Structures are given as structure tokens and as C-alpha cells.
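Here the structure is laid out as C-alpha cells; the discussion comes afterwards.
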Amino acid sequence: MYKLLLCWKYLRTRYLAMVCIVSVMLGVATLIVVNSVMGGFSTKLKERLHGLLSDVVLEAYDYDGFTDAPSKMAQIRNDPFLSNEVEAMTATLEIFAMLQFNFREVPFTRPVRIIGIEPEGRKAVGGFAEHLVNPKNHEKPTFNLDENARERFIIRRASRGIDFPGPREAPNLNEPPPPDPPPSKPHEPQGVILGYAIAHYRDRNAPADLPNKDVRTLEPGDEVVITTVSGAKMSPVFDRFVVSDYFKSEMSEYDSNYVFMPIEHLQKLRTMEDRVTSIQIKLKDYNKAPKVVARLREMFAHAPLEVQTWEQKQGAVLAAIRVEKGILNILLFLIIAVAGFGILAIFSMIVVEKTRDIGILKALGASNGGILTIFIGYGFLLGLVGAGLGTIIGLEITVHINDIEKFIASVTGQDIFPRDVYYFDKIPTDINIFSVFLVNLGSIGIAVLFSILPALRASMLHPVRALRYE
């Protein structure tokens, strides 16, 4: 019982112990916040990457693509093993191009990646319809203009002197309309879906706490010109298109580069009839992806095709996140290690100051193990209190991190979480209970570890020499 009483007394009366507690507390809180934010980024990024890529991707080695995609998909459906594992498939065609448009009478040109798709098929494999801004396209995605976009397109064309069919006023309501036929309907360009960041930019002069600082450069119904290279003659080709919707995945790489259009139109534009660059495959059970990939590689062993899961295709990005998280954990754990050295120094001072007290305890019958337990228990209490306070603070910061970010932005006027870089609407977090437990266990373990050496020194003091100590 005396061991616990002495541990509690030292904890309450030694102000230097507060330094150790604060060090452990800050280390634990920082580790929990960083782990939660990095875990949130990792989880969110995986969801986005997997959402934009199907479970398995069968793709060509170059952008010339391959032919007979329907026959290859039929071959997959007719395979005894794959027919039971594949839920949906769709072919896509991907090329690089230049996008041109006017904003406030100023011409803009930017490089983009054109993805030719079949909307219903792309929806079936996932990662497309749910990211479209127009809610009407969530159920049945289409490249057609809605009423508002069509009206804007007509007004824009009419302002340039192009006549359009539509309601016309007669000189007298009682008279029939003129006998001449109505004007023929002019050509309406093919609709395309633009990445959200292509058609918007961030207003850096807007207040930092403004929830939406996006300025729209292209409206649905606006025209754009896409220029690429013909696959047959390697000569430039271009065509006019009209914006029908936006694609907003909250992934900057995709939202700032991708333009979607019907695959048959892209094939015709680039003179690549019957050629595609990939087949996206959705599985019924992703756990069987390795077996599916192995079977597909065996099936198309002699074709210039590469078969990968979405994780293999994005392996470099996922590996980079794991490495960054590991390095941050190591660096931040050094904070707790510094607190451990503080515990070592404080305990050494206590042993020197309390030498006579240790001698008295031993003279009264305290064993070496009892003295050892006092100091190790003291170290355990320092670690426990510091870790407990750090956990509470860390979890509170993690839960309210977006409110804290908005407050700092409003006070400093600086956007500390630029959405145009990360393109998440808010800072993602993912609190992992097991990770929190490991952080607490590690911090308490370090506190106990650094208290062992002074505790051993105290336990080995001879009682007579300790009583003579001045």
C-alpha cells in the first residue's frame, strides 16, 4: 500500500513531473491527430481511386488501343470461371487532347484527357454516375443537354446571328403564320461532360471562410473545341462540343483533366473505329480479384494487353501514402521519446534527493523490489496521465478539426487547407481505435522503460549508506 501512496505523493508534489506529463500529452495528441488525418486521407483516396477505376482493368500498352472489344468481352462471359465472377464490363477509349474555350471574351487552351465511354455501361462498373453534378444523370447518365443548357446554347448561338426554330410571333394573332417553311434546325454539337476543375477555378481573393469560392468558367450549354491527333494519318483533327454536365470526384487529378464523351463519337473523331484502350471489369467479389487477374492473363497471354487490379494500377500512390504515414509516425514518436529522457533525468534527481528516505524505507523493512516498484509505478503513472490527457485532447481536435481550420482561416486570412490542391470539401479523418490503443501503449511503455534505470539505482542503495547520505 505504501508504494501507491508514495507514487501518488510524488505525482502531486513534483512540478517537474508536469513537464513530463505535458510532453507525453502533446506527443500522444499529435500522434492521434496525424494518424487520424492521414488515415482519413488514405481511406478517402482509396475510395476515390477505386470509385474511378473498376475492380480489374484490361488495357492496351499504348494509346492506339486494340480491336474486337465486343468479342473479347464475349470471350470473358463465356469462360466457365469468369462468367461466375464478373458482374459488369464496359469498353473505354482514352486519348490526350487540347480543349479550347472563351471566358469573358478571352481564349483559353488547356491539355485534357478525353475518355470515350458508353454511359450506361460505365455506370454499371461504378465510379461515374454518382460523381455527376446534375442529379438527373445519377439514375440514367446521358450526354444530352437538359432544358436549361439547351436554352443557354440556343441563346449563345442566336447572339451570333444563327437562326433557330422555336416559337415565333405573328403580326396578328388572328392571322395564320406565314406560309414559308420554318428555318431548318442547325447542327447541335455533341454533348460532353467536363471535369469540375476544368470549368471552375478558385477565387483566391474571396474570404478564406467562404464555403464556396468557385468561379464558373463554362456553363452547361457553352461550346468548346477539342483538338487531337488522328490515329490514322497523325494529323490534327478538331470538333465542336457543348458542355452538358460536370464530373466532380473531389480528386484534383481527375477533375482537372478528364473530359467524357460518347465512345463512338471519339472513335470517329480520331479515326479509330472499333478500337478501344481498355475494358473495365466489375467483380461480384473483389476478394477473388487475384484469381480473376491470373485467369485473364492466361486467356490473353499472346495479346498486347495488361491486366491489373485497381490497387496494382495505383500501387505507387498507395505505397507513397503508406511510406509518408510511417515516416510521420516515427518522427512524431520522437516527441514521446524526448519526454522519456525527461523522465530519466527527473527520476535521477529524485533518487539523489530521496536517498535518505530510501534508506529509512529499507530500514523499516522495504525490499529492493518494493523500492523498484515505487519508481517504476511512478513512471507508469506519469505515462498513464500524460497518455490519457493526450488521448482526450487528440480526439477532440480530430473531431472538430474542420471547425478549427475554419477558425484559423478566419483569424489569419490564410487558407491552410486549399481545396484546389487536395480537392476535398473538408479535411477527412478516420479514427482508428486500435491505432489509438497502440499510441497509448507505446507512450506508457516509453515512460516505464526510462524509469527502470533510476529505479534499479534506487533499489540497490545500501540502507546504512543511504542513511548517512547528506
Item to check | Met261, sole failed condition from (1) out of contact with any Leu (no Cβ under 7 Å at 6 or more places or on another chain); (2) over 30 Å from Lys46 (Cβ atoms); (3) modelled with pLDDT of 90 or more | outcome: (2)
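Okay, residues lined up against (1) of a type outside the set (Phe, Trp, Tyr); (2) at pLDDT 90 or above; (3) closer than 25 Å to Ile281 by Cβ:
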position	(1), (2), (3)
Val24	yes, no, no
Val37	yes, no, no
Tyr63	no, no, yes
Lys72	yes, yes, yes
Glu94	yes, yes, yes
Checklist entry - Tyr469 passes all but one of (1) touching a Lys or Arg at 6+ places or on another chain (Cβ under 6 Å); (2) aromatic (Phe, Trp, Tyr); (3) at pLDDT 85 or above; which number fails? => result (3)
Item to check | Enumeration of residues in the range 389-407 that are without any contact (Cβ under 8 Å) to a residue 60 or more places away in the chain and surrounded by 17 or more Cβ atoms within 10 Å (Cβ to Cβ) | outcome: Glu405
Item to check | Only one of Thr30, Thr43 that is among the β-branched types (Val, Ile, Thr), farther than 30 Å from Phe300 by Cα and surrounded by 19 or more Cβ atoms within 10 Å (Cβ to Cβ) | outcome: Thr30
Item to check | Meets criteria (under 30 Å from Phe347 (Cβ atoms), surrounded by 18 or more Cβ atoms within 10 Å (Cβ to Cβ) and at pLDDT below 90) for Gly383 | outcome: yes
Checklist entry - Is there a residue being in contact with a Phe, Trp or Tyr (Cβ under 6 Å, 6 or more places away or on another chain) and either under 19 Å from Ser83 (Cβ atoms) or not charged (D, E, K, R) (or both) anywhere in the range 283-294? => result no
Checklist outcome for this item: Taking the range 52-102 and keeping only residues that are surrounded by fewer than 18 Cβ atoms within 10 Å (Cβ to Cβ) and of a type in the set (D, E, K, R), one is left with Asp62, Asp64, Asp68, Arg77, Asp79, Glu87
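Condition check ((1) in contact with a Cys (Cβ under 8 Å, 6 or more places away or on another chain); (2) among the charged types (D, E, K, R)) across all residues:
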position	(1), (2)
Leu266	no, no
Lys291	no, yes
Ala320	no, no
Val323	no, no
Ile346	yes, no
Checklist entry - Can you name the condition, by its number, that Val106 falls short on among (1) exposed (fewer than 15 other Cβ atoms within 10 Å of the Cβ); (2) closer than 29 Å to Val225 by Cα; (3) in contact with a Ser or Thr (Cβ under 8 Å, 6 or more places away or on another chain)? => result (3)
Checklist entry - If a residue has to be among the basic types (Lys, Arg), within 22 Å of Tyr61 (Cα to Cα) and in a helix (DSSP H, G or I) to count, how many in the range 248-290 make the cut? => result 1
Next on the checklist: Looking for something assigned to a strand (DSSP E or B), over 28 Å from the mean Cα position of the chain (by Cα) and exposed (fewer than 14 other Cβ atoms within 10 Å of the Cβ) - is there at least one such residue anywhere in the range 214-221?
Outcome noted: no
Checklist entry - Can you tell me which residue in the range 253-308 is nearest to Ile198 (Cα to Cα), limited to those that are of a type in the set (Gly, Ala, Ser) and within 32 Å of the chain's Cα centre (by Cα)? => result Ser256
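The values are calculated or read from the model by the stated rules, or taken from the named source; none is laboratory data. Worth saying up front: this structure is predicted, and the values here are computed from it rather than measured. Here the Cβ is made from the backbone with ideal geometry for all residues, glycine too, and neighbour counts use every protein chain on show.
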